[in-house]
Amino acid sequence: MSQGGNTPASAGTGGSGSGQRLRIEPDKIVQAKQAFQEALDSVNKHIKSIESAHQVPWANDPVSTDTAAAFNNITTGDHPQSAVQVLTSYANQLSSAVTSLDLAERAYRTTEGDNADSLRGTGVTGA
């Protein structure tokens, strides 16, 4: 952040989308962080919901067993395209953005505080 807090904050998303940047004006950091946190909370709820949706075979036959296994593999399997894996990756990206925005917010508040202290030291006051 530059003096005066005029430099937009950047929040990297990490994960498979590494290198992607989101530029946010300093006065919008708090709102952006809140939006990302709300999205993260929502995704985490969906992950828990999917993890609890484990299916057991409906009947004692091979078709039911195969169907339940396929459903569980698609939703909670260890492969990278299962619903839980995809949502977990997305949650990690959101978490990284929240952390980056939190750091940017702290830096912005520090810079603004330093600027206010400097202005008070020179006898300049704000409106």
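Just so you know, all these numbers are worked out from the coordinates, no wet-lab data involved. What you see is a predicted model, and the numbers here were worked out from it, not measured in a lab. With ideal geometry, Cβ positions are generated from the backbone for all residues, glycine too; neighbour counts draw on all protein chains shown.
What's the Cα-based Rg to Rh of segment 9-113, Rh via Kirkwood?
Ratio of gyration radius to Kirkwood radius for segment 9-113: 1.21.
So how do 55-65, 103-113, 78-88 stack up, highest first, on mean other-Cβ count within 10 Å?
Packing proxy ranking, top to bottom: 103-113, 78-88, 55-65.
Express in nm, to one decimal, how much length is gained between ALA70 and ASN92 on full extension, taking 0.36 nm for each residue of separation and deducting their alpha carbon distance.
Here the segment from ALA70 to ASN92 would lengthen by 5.3 nm.
Given the Cα-Cα distance of ASP102 and GLU51 and 0.36 nm per residue of separation, how much length would full extension add, in nm?
Gain on extension, ASP102 to GLU51, equals 15.4 nm.
Run the simple label-point estimate for ASP27 and GLN85 please: 7 Å along Cα→C-beta, distance reported in nm.
Each label point lies 7 Å from its Cα, and together they span 4.6 nm.
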